[in-house]
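Novice: This is the structure I have questions about; it appears just below.
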Amino acid sequence: SCDASQLCNCSSMGLDFIPPGLTAKITALNLANNRIKHIQSQDLQQAVNLRALLLQSNKISSIDEDSFQSLAKLELLDLSNNSLAHLSPVWFGQLFSLQHLHLQGNSYRDLGESSPFSSLRNLSSLHLGNSRFSVIRQRNFEGIELLHKLWIDGSNLSQYEQGSLRPIKKINHMIINLRNSNIFSEIVRDLLHSVAWLEVTEIKLPDEKESLVQNSIHPFRIEKLTFKEAFFTDQTISQAIVSLKEITSLKELEAIDCVLEGKGIWNTKEIAKSGQSFVETVTIIKLMIQNFHLFFDLEGMESQINKLKRLTIASSNVFMVPCNLAKHFSSLLYLDFHDNLLVNKRLEETICEGSWPSLQTLNLSQNSLKSLEETAKYISRLPKLNNLDISQNIFGEIPDVCEWPKPLKYLNLSSTQIPKVTTCIPPTLEVLDVSANNLKEFGLQLPFLKELYLTRNQLKTLPGAAPTPNLVALSVRRNKLNSFSKEELESFKKLKLLDAGDNNFICSCEFLSFIHHESGIAQVLVGWPDKYVCDSPLAVRGAQVGAVHLSLMECHRSLVVSLICVLVFLVILLLVVVGYKYHVVWYLRMTWAWLQAKRKPKRAPPKDVCYDAFVSYSENDSDWVENTMVRELEQACPPFRLCLHKRDFVPGKWIVDNIIDCIEKSHKTLFVLSEHFVQSEWCKYELDFSHFRLFDENNDAAILVLLEPIQSKAIPKRFCKLRKIMNTKTYLEWPLEEQQQQMFWENLKGALRS
């Protein structure tokens, strides 16, 4: 159950005891939500480097006194929500490094006669108490001098010995659940000099006039007092206001989820008589007032509010502030009335002429304002206002012209259902929020604008940069943006932050190229890379934009297709050139003719044979063939009939067909070989066909006559059978001596007759 950093999670495993075998390697051990009842001495003896031990929500009722003795490095110990009936100082005696101790939710009724925490010099936060916890004694907190946070569940605390909390010299934040109002004053007196922020829950303020600071000397430290889920009446709240004025250090009052029973009939005379309040900030959230519509206008409280600087009354059904009262908030800088019941008619009374003279920030969001024009008109009465939030009011329409306070720089109009932006929006703004309004475009001229929020609208492109030349931050999150370009970003000269996340990005090649090659894009884009996801193409939908890399084909399809077309064209052109040079077409046609000839009978019928020999020769040798050989053979007795291409080929007939027909109609084929022969293309064609036809039949119908000496190597290598015949069979060679020529003719005639 341990990870690489030795944090071991054994929670919710149904364990009845601390697992054995714990070693010094473990730094954190989570045993929460098990069924452990007892912690023994040896259970944690070896875990000397343990820094966090979580034992909350078990059934621990007993702990051996030396169980934690070896945990000198322990910083967090959580024993909350167990069944400990008492706390022993010995448990914590060796925990010198302990900073956080949680003991709440057990069953002990007190902390003992002395302090269980006297040795915990580094303790920073302490949580204790439970529903049975009833007594706090004077020596219970001895040894603790400084706490960042002290949380006490004293819901049933009935006895508090005066001075019990005084040993703690400094507490930054103390939270106490206290229902017994009789000991509230005693606790406050002990904390005046130590606590900076006191938070009291479930208190019902006492109906007493006893001073909170009696026998206390200045200076006090308490600056903030918070009441949560407290109960007030008109009488107790009047007395509390008077009593709290005595705490001169108190600057902030807070009431959250409280109930006020009354109609606002406060003892204003007594309050005014008690002097000026030092409180500068009042926060009231979710104050429940029965019959709030009958609540009085707090007339007579004017003298108590002129020093107030910050006032928040939220979610408390405020529907108006009397004009006379509003005029006395002379020092108020911040006013928050969000989530109330303000309407335009009452707003005229709430913000009357001369009211809120120093107000700089006003929050009227989540009210029931309907007219933006009227709202702006009343707010224009605030001469120093520079920050205004009127979001989540349903205005629906926006006029072309509005009155606003001249210093206004920050305006929030988000979620107000305005269909567009007009010149109603003041040109002096530095920050504008018009999110969640279904805007389809934004082109308003705002020369001083630095921040623009357009989240959750219908924008398809970034707004133009020219109308907002000083823009530093822009949010177009959750719009209909498909992409944005380098040119668009660079048009915003001063833009440092762009939040364009949660849009349906089309991860095109141009967009991805910009994203991948733009240096510093991660510093500009808010939420990068998690919030920037591709919506298309389908193959990369859901992938982060920064992680997508499209192929060359996907990015440059037209270029690739063009290159392929050019390549195919070049290949075809090359084939044409090669075919032309090497007469490939001719060879193909000749091959086709040969294939057709293969289907014919091996030999022509005797009646079709009309020549003794077909003579194949070069045109350069035609003089010898036509004037010497033909005359000798055709004038012989009996004469030989020779087939010559010049004389016997059928005009207009394809030459290959002529060659085939003449060879097939001849008993023999007579080749007159010479250097000219092997260099002649026509002779090559005749040799080619002879190679295919005659030698394929494996007969001796070919007669070779060497007109001049020729090397067999000169014959093309592809005609292997012809080369073989010259190497293995006798051929006739034309003699230059006349006395031998007669013998040559006799031999040739004999070969033709054979």
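The values are calculated or read from the model by the stated rules, or taken from the named source; none is laboratory data. Bear in mind that the values here come from a model prediction, so they are computed numbers and not experimental data. Cβ: placed from backbone, ideal geometry, glycine included. Neighbour counts: every protein chain shown. When the accessible area is computed, the model is the full protein with side chains, heavy atoms only, and any ligands, DNA or RNA have been set aside. Shrake-Rupley method; radii C 1.70, N 1.55, O 1.52, S 1.80 Å.
Novice: Under the definition of Cα pairs under 8 Å and six or more residues apart, what whole-number percent is the relative contact order of segment 439-538?
Specialist: Value for segment 439-538: 23 percent.
Novice: Over 32 Å between Cα atoms: which of 170/228; 37/169; 170/204 fall into that group?
Specialist: 37/169
Novice: While we're on this one: When the helix-only estimate is applied to the chain (DSSP H runs of n ≥ 4, each -39,500 (n - 2.57), divided by the residue count), what is the mean residue ellipticity at 222 nm, nearest 500 deg cm²/dmol?
Specialist: Roughly -6500 deg cm²/dmol at 222 nm, from the helical runs in the chain.
Novice: How do 293, 516, 549 rank by accessible surface area computed with a 1.4 Å probe, from largest to smallest?
Specialist: Heavy-atom accessible area, descending, gives 549, 293, 516.
Novice: If 221, 557 are ordered by their accessible area, calculated over protein heavy atoms with a 1.4 Å probe, which sequence runs from highest to lowest?
Specialist: The most accessible residue leads, giving 557, 221.
Novice: Compute the signed sum of charges (Lys and Arg +1, Asp and Glu -1) over the other residues within less than 14 Å, Cβ to Cβ, of residue 376.
Specialist: After counting each charged neighbour, the total is -3.
Novice: For q = 0.10, 0.13, 0.16 Å⁻¹, what log10 I(q)/I(0) does segment 360-500 give under the Debye formula with an equal point scatterer on each alpha carbon and no solvent?
Specialist: Result of the Debye calculation: -0.31, -0.53, -0.79.
Novice: Which semi-axes, in whole Å and largest first, does the equivalent ellipsoid of segment 439-538 have when worked out from the alpha carbon gyration tensor as the square roots of 5 times its eigenvalues?
Specialist: Sorted largest first and rounded, they come to 21, 15, 12 Å.
Novice: Here's something else I'd like to know. What are the membrane-span-like helices in the chain by this rule: whole DSSP H runs, Cα extent along the axis at least 27 Å, mean Kyte-Doolittle hydropathy at least 0.0?
Specialist: Those that pass (Cα extent of 27 Å or more, hydropathy at least 0.0) are 557-581.
Novice: Now a separate question. Calculate the dipole size of the chain relative to its Cα centre from +1 charges on Lys and Arg beta carbons and -1 charges on Asp and Glu beta carbons; express the result in debye to the nearest 20.
Specialist: With only Lys, Arg, Asp and Glu charged at Cβ, the dipole is about 900 debye.
Novice: So I have [x] 112, 42, 18; [y] 42, 34, 27; [z] 65, 29, 25, and one of them is semi-axes √(5λ) of the Cα gyration tensor in Å calculated from this model. Which one is it?
Specialist: It is the value labelled [x].
Novice: May I pose another question? Net charge near residue 386: determine it from the other residues with C-beta under 10 Å of the C-beta of residue 386, scoring Lys and Arg +1 and Asp and Glu -1.
Specialist: +2
Novice: With every protein chain left in place, what is the accessible area of residue 646 in Å² (1.4 Å probe, nearest 10)?
Specialist: Answer for residue 646: close to 110 Å² accessible.
Novice: Can you tell which of 659, 744, 306 lies farthest toward the positive end of the dipole of the chain, using +1 and -1 charges on the Cβ of basic and acidic side chains (Lys, Arg; Asp, Glu)?
Specialist: Result: 744, furthest along the dipole toward the positive end.
Novice: For residue 409, go through the aspartates and glutamates and keep the ones whose alpha-carbon is under 20 Å away, minus same-chain ones fewer than eight residues off.
Specialist: Candidates past the 8-residue exclusion: 336, 373, 374, 389, 400, 430, 433, 451.
Novice: Same structure again: Could you rank 514, 671, 278 by how accessible they are, 1.4 Å probe, largest area first?
Specialist: 278, 514, 671
Novice: Also, quick follow-up: Going toward the positive end of the dipole of the chain, with +1 on Lys and Arg Cβ and -1 on Asp and Glu Cβ, which of 140, 394, 568 do you reach last?
Specialist: Of 140, 394, 568, it is 568.
Novice: Over segment 151-251, with a single point scatterer placed on each C-alpha, what log10 of the ratio I(q)/I(0) does the Debye formula yield at q = 0.11, 0.18 1/Å?
Specialist: -0.28, -0.83
Novice: Which order do the peptides 569-576, 633-640 take when ranked by the mean count of other beta-carbon atoms within 10 Å per residue, highest first?
Specialist: Going by the mean number of other Cβ atoms within 10 Å, highest first, we get 633-640, 569-576.
Novice: Summing Lys, Arg as +1 and Asp, Glu as -1, what charge do residues with Cβ under 14 Å from the Cβ of residue 283 carry, residue 283 excluded?
Specialist: -2
Novice: Same structure again: Cross-link list 251/327; 377/440; 307/345; 460/486: which exceed 18 angstrom alpha carbon to alpha carbon?
Specialist: Checking Cα-Cα distances, 251/327; 377/440; 307/345 exceed 18 Å.
Novice: How big is the equivalent ellipsoid of segment 1-82 along its three axes, where each semi-axis is √(5λ) from the Cα gyration tensor, reported in whole Å from largest to smallest?
Specialist: Equivalent ellipsoid semi-axes, largest first: 17, 15, 11 Å.
Novice: For the pair residue 83/residue 148, report the inter-label distance in nm, with labels modelled 7 Å from Cα in the Cβ direction.
Specialist: The modelled label-to-label distance comes out at 3.4 nm.
Novice: Send over a whole-number figure in Å² for the accessible area per residue of the chain, probe 1.4 Å.
Specialist: I get 50 Å² per residue for the chain.
Novice: Mind listing which GluC sites (Glu not before Pro) in segment 369-475 are in a DSSP loop and have 15 or fewer other Cβ atoms within 10 Å?
Specialist: Sites meeting the loop and neighbour criteria: 397, 403, 441.
Novice: Let me ask something else. How many Å³ per residue does the convex hull of the Cα positions in segment 96-135 occupy?
Specialist: 64 Å³
Novice: Over the chain, with every protein chain in place, what whole percent of the accessible area is carbon and sulfur at 1.4 Å, could you tell me?
Specialist: Summing carbon and sulfur atoms, their accessible area is 52 percent of the total for the chain.
Novice: Accessible surface of residue 35 in the full protein assembly, 1.4 angstrom probe, to the nearest 10 Å²?
Specialist: Only protein atoms counted, so the area is about 110 Å².
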